[in-house]
């Protein structure tokens, strides 16, 4: 599975992907805190003070999500990164990498910043 294969690239700081799971997944701690991600000490709000809709759809949450999604490459958790890999892999089936980067932002599968997912896997499985 590609998630496991790409781990070394990520661990050696050659793979860089934006995090998109923070836009669609969330955690609620037992004290009501809703963190941006269970791996970061960024709390978006608390369910004892606001509804989940209010927290997740607030302007402040949107701002924080946008900031972190562009720069966070800190974890390699199956729950999060698999989503990001699948998203980009499928986009590359339909659009050139340059076009994807115009909308998505810069990303790379290896130390070669121009290589696509398909090209990278051809190289490592050859």
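Can you classify segment 62-117 as rounded, prolate or oblate using the Cα gyration tensor, where a ≥ b ≥ c are the square roots of its eigenvalues, rounded means a/c under 1.5, and otherwise it's prolate if a/b beats b/c and oblate if not? Verdict is prolate for segment 62-117. For the chain, the Stokes-Einstein estimate of translational diffusion at 37 °C and a viscosity of 0.692 mPa s comes to 208 µm²/s, using the Kirkwood hydrodynamic radius over alpha-carbon pairs.
Placing pseudo-labels 7 Å out from each Cα toward the beta carbon at residue 50 and residue 103 gives an inter-label distance of 2.9 nm.
Just need the Rg to Rh number for segment 19-72, please, alpha carbons only, Kirkwood Rh. Don't skip to the end; give the middle numbers.
On the way: Rg = 10.3 Å, Rh = 11.1 Å.
Checking Rg against Rh, the ratio lands at 0.93.
Using only Cα atoms, find the angle between the long axis of helix 78-94 and the longest principal axis of the chain, and express it within 0 to 90 degrees, rounded to the nearest 10. It is inclined by approximately 50 degrees. State the Cα centre-to-centre distance between segment 102-126 and segment 78-99 in whole Å. What the calculation gives is 10 Å, centre to centre. On full extension, the segment bounded by residue 12 and residue 40 gains 8.0 nm, given 0.36 nm per residue less the C-alpha separation.
Only the coordinates and a few stated rules stand behind these numbers; no lab work does. Small disclaimer: the values here were computed from a predicted structure and weren't measured. We place every Cβ from the backbone using ideal geometry, glycine too, and count neighbours over all the protein chains shown.
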